[in-house]
Amino acid sequence: MAVKADLFQSPDYYLLDELLTEEHKMVRDAVRSYVKREISPIIEDYAQRAEFPQQIVKQLGELGCFGPTVPVQYGGGGLDYISYGLMMQELERGDSGIRSTASVQGSLVMFPIYAYGSEKQKNHYLPKLASGEMLGCFGLTEPNHGSDPSSMLTNIKDAGDYVILNGAKMWISNAPFANIAVVWAKDEAGVITGLIVERGMEGFSTPTTHGKWSLRASATGELVFDNVKVPKENILPGVRGLKGPLGCLTKARYGIAWGTIGVAMDCYDTALRYAKERYQFGKPIAGFQLQQKKLAEMITEITKAQLLVWRLGVLMNEGKVTPQQVSMAKRNSCEIAANIARDARQMLGGMGITGEYSIMRHMMNLESVITYEGTHDIHLLITGMDVTGLNAFK
Ligand code: TGC
Ligand code: FAD
């Protein structure tokens, strides 16, 4: 089953386009056209079959969606954070799984190599990751340590020119198809260390996770390390401690803050069009007050969220942003998108549960997005700690 023709029209109630540069609009429009042309026609089928559309890796590389803020000398786009946000908005408007692939590659694999890697690692990996010749994944979460990554058990032991890596990571996006994994493990002193593990290293496997009802077009898997010999030159030399992986998460969470607004926009746009065309009791359902309430609240929340992420992007560009500000935006965008998707689905009545429209797929995807990169509760507690100065995690 394919989604009906992609008729998406982007809502811009407060004329926010006026805040964008020509470059921002060009980048946004290029990704929007790509999604209409290459993603919308195929995504429902891939999601129904729970299959990862592998062809997107090369396509996203060619489009510049991998590491858009990484400098051009390493194959990145050299763009600012608003361009990056707009790219994520458009990709996630197509499907959260597509944005996930780009988030992981750009923010969780290229960013740590760029920010913490040696010059040799940057020159070797970044251009191939940027072009989509190589796909990467990011291993932080473990079977028994999700929200609390500092308690991880995955570990490395010194063995001369190598370290010996043991442990397991779970819920890893891109894992089944990844050529490399940026893995976080504790050294013998218990300090969290980042290393690049390559497919083909003996003792390293990536079993696929089956049976998901969410992000079905994204490949998820485990990373299993059984005495893997990783050369010391694969260790990221520039960071030690939990701030390493958390620094990457700040970049990816920023992308999600924009991306999930794309989902909200798609659900709103679909529901608005449907409500104007669907007649009951002799008139379009858009003419009933109950449906107008839903639509009016949707566009209000979308507009507020658009303003929030635009300002966040400015703070990112100016280097003034705090991780806590990013948490607030990730949480807010996920929440409004989930509420809007649910209301939009109801507005389509029975049709809303089918794959003829994107809403139900978005709704199910959001259950992952609201959970990964820090759960909804964790981001609330981050804000709570920031404003009170008191830690409610432990
Ligand atoms: P805590 O003591 O607070 O912090 C340890 C060190 O890290 C620093 N830090 C950050 N640095 C940069 N960015 C951030 N967001 C940071 N948050 C904290 C902090 O300043 C400290 O630095 P230092 O120099 O003092 O050592 O750590 P904690 O153990 O108390 O944990 C805090 C908590 C719970 C907020 C954190 O662990 C957390 O965020 N948990 C959620 C875990 C999570 O988000 N996992 C995501 C896994 S990856 C993923 O889901 C990818 S899905 C991708 C996709 O498909 O799109
Ligand atoms: P838990 O941490 O066990 O949380 C369970 C519940 O307890 C949640 O509701 C949580 O909010 C709550 N909770 C936990 N601690 C507290 C507290 N202190 N106070 C109040 N409530 C609390 N990880 C990666 O490393 N790389 C990836 O690429 C990746 N991709 C993913 C893809 C998908 C599809 C999914 C679903 C997950 C992915 N993850 C990835 C893992 C994701 O980051 C974790 O699922 C997430 O961080 C939550 O961890 P958990 O599932 O172990 O839940």
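The values are calculated or read from the model by the stated rules, or taken from the named source; none is laboratory data. Note that the structure is a prediction, hence the values are computed from the model and not measured. A quick note on method: Cβ atoms are made from the backbone with ideal geometry, for glycine too, and the neighbour counts reach across all protein chains shown. For the accessible areas, the whole protein counts, side chains as well, though only heavy atoms, and no ligand, DNA or RNA atoms are used. Shrake-Rupley method; radii C 1.70, N 1.55, O 1.52, S 1.80 Å.
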Take ALA175 and decide whether it is in contact with a Gly (Cβ under 7 Å, 6 or more places away or on another chain), more than 15 Å from LYS232 (Cα to Cα) and open to solvent by less than 40 Å² (accessible area, probe 1.4 Å).
yes
Assess whether PRO127 counts as being within 16 Å of ligand 2 (Cβ to nearest atom) and either crowded, with 22+ Cβ neighbours inside 10 Å or not in a strand (DSSP E or B) (or both).
no
Please go through (1) more than 15 Å from the chain's Cα centre (by Cα); (2) more than 13 Å from ligand 1 (Cβ to nearest atom); (3) not aromatic (Phe, Trp, Tyr) for LEU381 and return the number of the only condition it doesn't satisfy.
(2)
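The rows are residues; the columns are (1) in a loop (DSSP other than H, G, I, E, B); (2) over 19 Å from GLY374 (Cβ atoms); (3) touching a residue at least 60 places away in the same chain (Cβ under 8 Å).
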| residue | (1), (2), (3) |
| --- | --- |
| LEU153 | yes, yes, no |
| LYS157 | no, yes, no |
| VAL163 | no, yes, yes |
| MET170 | no, no, no |
| PRO176 | no, yes, yes |
So LYS120 fits all but one of (1) closer than 29 Å to VAL314 by Cβ; (2) assigned to a helix (DSSP H, G or I); what number is the exception?
(1)
Given the conditions (1) touching a strand residue (DSSP E or B) at 6+ places or on another chain (Cβ under 8 Å); (2) away from ligand 1 (no atom under 13 Å from the Cβ), report the number of the one that ALA189 does not fulfil.
(1)
Looking only at the range 238-257, how many residues end up being open to solvent by 10 Å² or more (accessible area, probe 1.4 Å) and not aliphatic (A, V, I, L, M)?
8
Within the range 133-141, can one find any residue that is surrounded by fewer than 24 Cβ atoms within 10 Å (Cβ to Cβ), in contact (Cβ under 8 Å) with a residue 24 or more places away in the chain and under 19 Å from the mean Cα position of the chain (by Cα)?
yes
Counting only residues that are in contact (Cβ under 8 Å) with a residue 40 or more places away in the chain and in a loop (DSSP other than H, G, I, E, B), which one in the range 78-98 is farthest from ligand 2 (Cβ to nearest atom)?
ASP80
How many residues are in a loop (DSSP other than H, G, I, E, B), away from ligand 1 (no atom under 13 Å from the Cβ) and at negative phi when one looks only at the range 130-142?
2
With the range 318-394 as the region, which helices (runs of 4 or more DSSP H) entirely inside it contain at least 1 residues that are under 30 Å from GLU277 (Cβ atoms) and within 13 Å of ligand 2 (Cβ to nearest atom)?
323-347, 359-369
